[in-house]
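**Q** Here it is, the structure, as structure tokens.
The values are calculated or read from the model by the stated rules, or taken from the named source; none is laboratory data. Small disclaimer: the values here were computed from a predicted structure and weren't measured. With ideal geometry, Cβ positions are generated from the backbone for all residues, glycine too; neighbour counts draw on all protein chains shown.
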Amino acid sequence: MRAQCAAIVHRGPDDEGVFADGDFAFGMRRLSIVDLAGGHQPFFSPDGRLALVFNGEIYNFPALRAELAAAGRVFHSSGDTEVILAGYERWGDGVWTRLDGMFAVAVWDRTVRRLTLARDPVGIKPLYYTDQPAGFAFGSELKTLTLLPGFSFDTDERALLDYFRFGHVRSPRSIHRQVLTLPPGHVLTVGAGEAPAIRAYWTPRYAPAAPVSDGEWVDRFRTRWLDTVAEQMVADVEVGAFLSGGVDSSAVVAAMMRVSDRPVRTFTIGFPDPRIDESGPAAAIAAALGTRHTTRTLELAAARDLLPVVAAAYDEPFADPSMVPTWYVSRVAAGEVKVALSGDGGDELFFGYKRHATERRIGRLPAPLRHAARAIGAIPPLPSRHLNAVIQRWTKTAASAGLPDGVARFFAKTQISAAGFRARVFDPGFLARAGGGDGEIARLCAEYFSDPAAISADTLEQFGLCDLALNLPGAMLTKVDRASMAHSLEVRVPMLGQPMIDLALSMPVHMKLDGRVGKRVVREAIAPWLPPGILHRRKQGFQMPLSAWFAGDFGHYAEELWRDSGARDEGIWQAAAVDRVFADHRAGKRDYSRFLYALAVYCLWRLRRAS
């Protein structure tokens, strides 16, 4: 247990707690944010029956504490951990829906020798588990499990295919066949000699509110937003914020300045390439709001050098291109603060991605036109690298156009590689074993959302709920958690506070996506707080110039990884076809950079695993 805790000391360098009870033991590493002196874990119930450890923060714990105190509970600490335990004693598993926060919780009942695990509704905090003949084990990161003696950890081929389809392993799988993630909004119980029992305590559902005016929706958002940000700023240490210059991070910082009695520390990463650099607009927003602002420039050569270090933080292949700048801005912020607020989740809740606007247009096309759009994919490579990239984007959109609903188009649109491409580069036997090939979109739909109409009659809402339930925890939140916790920095995401989630799921579509402009309600609510013109900038995010990278020296580095890692010879590839992908990308025939980036990260993972 001490070795497991040591493996994740970066998640909690301030304190350690371990408890053993016969053949059961658990432990934790603590990052002290609230109740610095009295928050040691494990926490025990007054009668000693229950022991609890948890990772995360509960924002509404003062209100829950007051409710429990009124019912006679006497508290001996001032933090949130004891409140969770007291709530569990009083309400059992009913406590999980009462918590507004981010959490992975473990409760051990010493009397009946039963373990309960729970994860927050949208998966902000990670929780892995494995059930093998050697025993049952769980942890916040895969590295806490893979060091256990007597346990097996084989590569899950379906998870590997999902990684090369989507850039990350899809829940509930991990890269290891024997390890699963506890899905967001679920609770797991397991006793001696029992198989784990899992059930959902919360599932995202649209719940349309009674009709009100557009202005009322804006007022509701503004009021709830300020309350949520104020709650999430509660800490016994200084709280800062990531500021990219986009709508969501601007909304976070503007609200922080309105509810705080002192200037807020803000942090931005810049790039030397003006096409992807947002540090100028971010600095302008910081100056207008009066924050204490820090900008650091990430040189692209440094970003390439950082990739092996950053990739190692994820324990399994993970290929979000923005993980490097997110890791870097976390390192910068961690030098000044222990907590930072981020705008993550706003795009998923309020339809801010380009793919949402595309879905709105496609979903309204007559079926014959949607099917005809697929003809774009037949256009051959042209002499122009730029035109080939444009055609490739159109082809991806057109490939999803003939699909029957928003769920199917979600799976098609969020892929980083097309099915035809994967058929060229992967061995047919691997694809067959892993569930690829013909009909894979239908199989994915049946596995995750078998009845799109039960989500909503609106295909955009179908698409959006998939983003919230799958892409958000699998990609965005995983990226932020590992990148920040690698530096012992806690990142809070007020857009994903439970009050904000409930508001978004009750809101009509036109308040989120208005024409081609997403996050309408967010923009209108915060517009009075920001300088004119800020909210009309083109969305960029932390973009990395992958295409140029792989056309140059980094492409040669990736080819070396492809060969030196042993990936080329492992038997799941059509190796000569992958070799041609490198060459075709350099020649500008197609932009294969997302696949090549995923391949490079995968090769780095193989090298770490072999070492």
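**Q** Could you list all residues from segment 55-92 that are assigned to a strand (DSSP E or B) and small (Gly, Ala, Ser)?
**A** Answer for segment 55-92, where residues must be assigned to a strand (DSSP E or B) and small (Gly, Ala, Ser): just Gly56.
**Q** Moving on to the next point. Taking segment 579-591, which residues are at pLDDT 95 or above and either closer than 16 Å to Val324 by Cβ or within 28 Å of the chain's Cα centre (by Cα) (or both)?
**A** Residues satisfying the conditions do not exist here.
**Q** Find the residue count for segment 192-226, including only residues that are surrounded by 12 or more Cβ atoms within 10 Å (Cβ to Cβ), small (Gly, Ala, Ser) and modelled with pLDDT of 95 or more.
**A** Here the count works out to 1.
**Q** Ok, one more. Report the residue count in segment 476-512 for those that are over 28 Å from Lys125 (Cα atoms) and in contact with a Leu (Cβ under 7 Å, 6 or more places away or on another chain).
**A** Number of matching residues: 1.
**Q** Here are some conditions: (1) on the phi > 0 side of the Ramachandran plot; (2) surrounded by 18 or more Cβ atoms within 10 Å (Cβ to Cβ). Leu599 meets all but one. Which one does it not meet?
**A** Leu599 satisfies all of (1) on the phi > 0 side of the Ramachandran plot; (2) surrounded by 18 or more Cβ atoms within 10 Å (Cβ to Cβ) except (1).
**Q** Please work out if Gly246 is crowded, with 18+ Cβ neighbours inside 10 Å, out of contact with any helix residue (DSSP H, G or I) (no Cβ under 6 Å at 6 or more places or on another chain) and not hydrophobic (A, V, I, L, M, F, W, C).
**A** In short, yes.
**Q** When you go through Pro183, Pro263 one by one, which is the residue that is assigned to a loop (DSSP other than H, G, I, E, B) and within 22 Å of Leu349 (Cβ to Cβ)?
**A** Selected residue: Pro183, the only one of Pro183, Pro263 that is assigned to a loop (DSSP other than H, G, I, E, B) and within 22 Å of Leu349 (Cβ to Cβ).
**Q** Any idea which residue in segment 411-456 is farthest from the chain's Cα centre (by Cα), counting only those that are outside any helix (DSSP H, G or I) and of a type in the set (A, V, I, L, M)?
**A** Going through the qualifying residues, I end up with Ala418.
**Q** Filter segment 292-322 down to the residues that are polar (S, T, N, Q) and either at pLDDT below 95 or in contact with a Gly (Cβ under 6 Å, 6 or more places away or on another chain) (or both) and list them by number.
**A** Correct list: Thr295, Thr297, Ser322.
**Q** What's the number of the only condition in (1) in contact with a Lys or Arg (Cβ under 9 Å, 6 or more places away or on another chain); (2) more than 28 Å from Tyr163 (Cβ to Cβ); (3) modelled with pLDDT of 95 or more that Gly515 fails to meet?
**A** So Gly515 meets the others, but not (3).
**Q** Does Val95 qualify as being of a type outside the set (Phe, Trp, Tyr), farther than 18 Å from Glu490 by Cβ, assigned to a strand (DSSP E or B) and at pLDDT 95 or above? Steps first, please.
**A** Values: of a type outside the set (Phe, Trp, Tyr): yes; farther than 18 Å from Glu490 by Cβ: yes; assigned to a strand (DSSP E or B): no; at pLDDT 95 or above: yes.
Judged against the criteria, Val95 is not a match.
**Q** Of the residues that make up segment 226-237, is at least one assigned by TED's automatic domain parsing to the domain that holds Leu127 and among the β-branched types (Val, Ile, Thr)?
**A** Within segment 226-237 (the criterion being assigned by TED's automatic domain parsing to the domain that holds Leu127 and among the β-branched types (Val, Ile, Thr)), the answer is no, since none of the residues qualifies.
**Q** Okay, next question. Please list, ordered by first then second residue, the pairs with beta carbon atoms under 6 Å, 6 or more apart or interchain, first in segment 409-427 and touching a residue at least 40 places away in the same chain (Cβ under 8 Å), second part of a loop (DSSP other than H, G, I, E, B) and among the acidic types (Asp, Glu).
**A** Close Cβ pairs satisfying both conditions: none exist.
**Q** Can you name the condition, by its number, that Gly150 falls short on among (1) over 19 Å from the mean Cα position of the chain (by Cα); (2) touching a residue at least 60 places away in the same chain (Cβ under 8 Å)?
**A** (2)
**Q** Surrounded by 18 or more Cβ atoms within 10 Å (Cβ to Cβ) and over 28 Å from Thr297 (Cβ atoms): does that describe Ala587? Can you show your working first?
**A** On the way: surrounded by 18 or more Cβ atoms within 10 Å (Cβ to Cβ): no; over 28 Å from Thr297 (Cβ atoms): yes.
So Ala587 fails the test.
**Q** List every residue pair whose Cβ atoms lie under 7 Å apart, where the two residues are 6 or more positions apart in sequence or sit on different chains, the first residue falls within segment 319-337 and is assigned to a helix (DSSP H, G or I), and the second residue, located anywhere, is among the β-branched types (Val, Ile, Thr).
**A** These pairs meet every condition: Met323/Val310; Val324/Val310; Pro325/Ile269; Thr326/Val480; Trp327/Val310; Tyr328/Ile269; Val329/Ile269; Val332/Thr294.
**Q** To continue, here is another question. Please verify whether Ala251 is in contact with a helix residue (DSSP H, G or I) (Cβ under 9 Å, 6 or more places away or on another chain), surrounded by 22 or more Cβ atoms within 10 Å (Cβ to Cβ) and of a type in the set (A, V, I, L, M), treating the condition exactly as stated.
**A** On the way: in contact with a helix residue (DSSP H, G or I) (Cβ under 9 Å, 6 or more places away or on another chain): yes; surrounded by 22 or more Cβ atoms within 10 Å (Cβ to Cβ): yes; of a type in the set (A, V, I, L, M): yes.
Yes.
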